[in-house]
Amino acid sequence: MIQQKLMRERDRQPIPNTTYGKPQYTAVKDDRQRIELSRGCPHNCDFCYEPEAKSMEEVKQFSIPELKRNYVEILDMNFLWQPNVLERIKELSQKKVNGKVVHYEEICGFDRRLMNQEICDALKEARFQKPRIAWDGSFKEQKQVKKTVQMLKKAGYQSNIIMLFMIVNWKIPYEECLRKLDLMKVWGVQVADCCYDGGYANAVEEYWTVSEIREIRRKCRKHNQLVNFGIDPEEFDIPDTQEKLKGED
């Protein structure tokens, strides 16, 4: 259900329930550990709350905390925007817990503008799982986005585990997001639809209509089913055409 609820103004001040302005975040839950390694991003996007860091010298960088699990989720908003990032990735690759290697997942994704083949190869070698990149801009960025997908595939990632973030209910029109979704089908990658502002539960009709918001959620869910399974697992929702044709004979 979509509720009409506005979020707070973007004054770049610490936001309740976030790590900004607080000590480095690290937490263990069940078989996973969540950590924070850096804060700051150079892009200052209108829809994002991440503190601005125009240069890497302004990035708040943390040391790697003690790892207690073999699966670690990194929460950095722009992991690649930090000094000596290749060295940081290599350092992560060498970590072990209980004599076993550690696998990583960058929850907020990688900035494709900072990616090259060397970085993609390093991420794969360091056992980063489920790589995510953002396509928050226009459809015209298709060639650059495709190039990044190809670099990840060359590094050894299968296309169906690559995920593209796509902001919805934003200044990019609904119809343009559908065109982006069409290309993701061609590339065989998943979509992570991020609804402005604060998720679907907080969506406001600022740029899209409620019907468009609901429809893009449905289409993105269906898209990922097709990419993951290679078939439509909800075929029971479609009338049996063969039986219908028999009835017409």
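The values are calculated or read from the model by the stated rules, or taken from the named source; none is laboratory data. Everything quoted here is computed from the prediction, not taken from an experiment. Cβ: placed from backbone, ideal geometry, glycine included. Neighbour counts: every protein chain shown. Just so you know, the surface numbers come from the protein's heavy atoms only, side chains and all, with ligands and any DNA or RNA stripped out. Shrake-Rupley method; radii C 1.70, N 1.55, O 1.52, S 1.80 Å.
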Residue that is farthest from residue 172 (Cα to Cα) [pool: residues in the range 197-228 that are without any contact (Cβ under 8 Å) to a residue 24 or more places away in the chain and open to solvent by less than 40 Å² (accessible area, probe 1.4 Å)]: 225
Near pairs, Cβ below 7 angstrom, 6+ apart or cross-chain, from the range 41-52 (in contact (Cβ under 8 Å) with a residue 24 or more places away in the chain) to any residue that is of a type in the set (A, V, I, L, M): 41/53; 41/77; 42/53; 47/167; 49/15; 50/77
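Can you confirm whether the range 144-161 contains a residue that is free of Cβ contacts under 8 Å to residues at least 12 places away in the same chain and of a type in the set (Gly, Ala, Ser)?
To start, the set of residues in the range 144-161 that are free of Cβ contacts under 8 Å to residues at least 12 places away in the same chain comprises 147, 150, 153, 158.
Those left that are additionally of a type in the set (Gly, Ala, Ser): none.
No, because not a single residue in the range 144-161 is free of Cβ contacts under 8 Å to residues at least 12 places away in the same chain and of a type in the set (Gly, Ala, Ser).
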Which numbered condition residue 169 misses (of (1) at pLDDT below 95; (2) open to solvent by 90 Å² or more (accessible area, probe 1.4 Å)): (2)
Residue ID - farthest from residue 21 (Cα to Cα), chosen from residues in the range 72-107 that are assigned to a strand (DSSP E or B) and open to solvent by 40 Å² or more (accessible area, probe 1.4 Å): 100
Top-ranked residue of the range 115-135 - restricted to ones that are under 15 Å from the mean Cα position of the chain (by Cα) and open to solvent by 40 Å² or more (accessible area, probe 1.4 Å), ranked as nearest to residue 194 (Cα to Cα): 130
Residue in the range 182-191 that is touching a residue at least 60 places away in the same chain (Cβ under 8 Å), surrounded by fewer than 19 Cβ atoms within 10 Å (Cβ to Cβ) and either touching a Pro at 6+ places or on another chain (Cβ under 6 Å) or not small (Gly, Ala, Ser) (or both) present: no
